[in-house]
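Data first, discussion second: the structure below is written as structure tokens.
The values are calculated or read from the model by the stated rules, or taken from the named source; none is laboratory data. The structure displayed is predicted, hence computed values, not measured ones. Every residue, glycine as well, gets a Cβ built from its backbone with ideal geometry; the counts of neighbours run over all protein chains shown.
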Amino acid sequence: MKLPRSVHRLSMAGALLFCQAAFAHAPVFDCYIDSDDWVKCEAGFTDGSSAAGRKIHVRDMSDKVLFEGAVGQDNTYRFQPPSGNYSVLFLGGDGHDVTIQSSDISK
């Protein structure tokens with residue numbers, strides 16, 4: 001049985017929409033120690049959208065917020081690393097939060 005072309009087109013359109021949703025808006029977040037020994041974090045989203053204005057929290061191991069700031073227009077956030085272990089939380093919105101531990105931050 002041969003299917004009408006309209007059914008074939010609809011199934012192709014559905015497949016394309018499914019693929020596009022699979023690669024939609026996911027956070028991209030990384031931190032490293034810059035040349036001046038400050039931590040530089042870069043944030044964004046897989047669809048190319050900006051993370052400017054999104055909140056960043058630097059927390060100690062008891063979850064106390066040590067620093068709070070926002071991603072700049074250049075999609076970065078910089079801070080002087082605190083002594084001891086800490087984590088950096090990117091609040092990407094809509095379940096897009098990402099945490100990086102200080103042990104995973106290097107030059």
For this session: Scan segment 72-103 for residues that are of a type outside the set (S, T, N, Q), closer than 13 Å to Val39 by Cα and either part of a loop (DSSP other than H, G, I, E, B) or modelled with pLDDT under 95 (or both) and report the count.
Result: 2
For this session: Would you mention how many residues in segment 28-54 are within 23 Å of Pro82 (Cβ to Cβ) and hydroxyl-bearing (Ser, Thr, Tyr)?
Result: 2
Seminar exercise, completed: Conditions (1) without any contact (Cβ under 8 Å) to a residue 24 or more places away in the chain; (2) part of a loop (DSSP other than H, G, I, E, B) -> Ser106 fails only (1)
For this session: Any residue in segment 25-52 that's part of a loop (DSSP other than H, G, I, E, B): show its pairings with residues that are among the aliphatic types (A, V, I, L, M) at Cβ separation under 7 Å, as long as the two are six or more apart or on different chains.
Result: Thr46/Ala26; Thr46/Val28; Asp47/Ala24; Ala51/Ala43; Ala51/Val71; Ala52/Val71
Seminar exercise, completed: In segment 51-68, anything surrounded by 14 or more Cβ atoms within 10 Å (Cβ to Cβ) and within 19 Å of Asp94 (Cα to Cα) is listed as Ala51, Ala52, Arg54, Lys55, Ile56, His57
Exercise. Can you tell me which residues in segment 55-93 are touching a residue at least 40 places away in the same chain (Cβ under 8 Å) and of a type outside the set (Gly, Ala, Ser)?
Worked result: Arg78, Phe79, Gln80, Pro81, Val88, Phe90
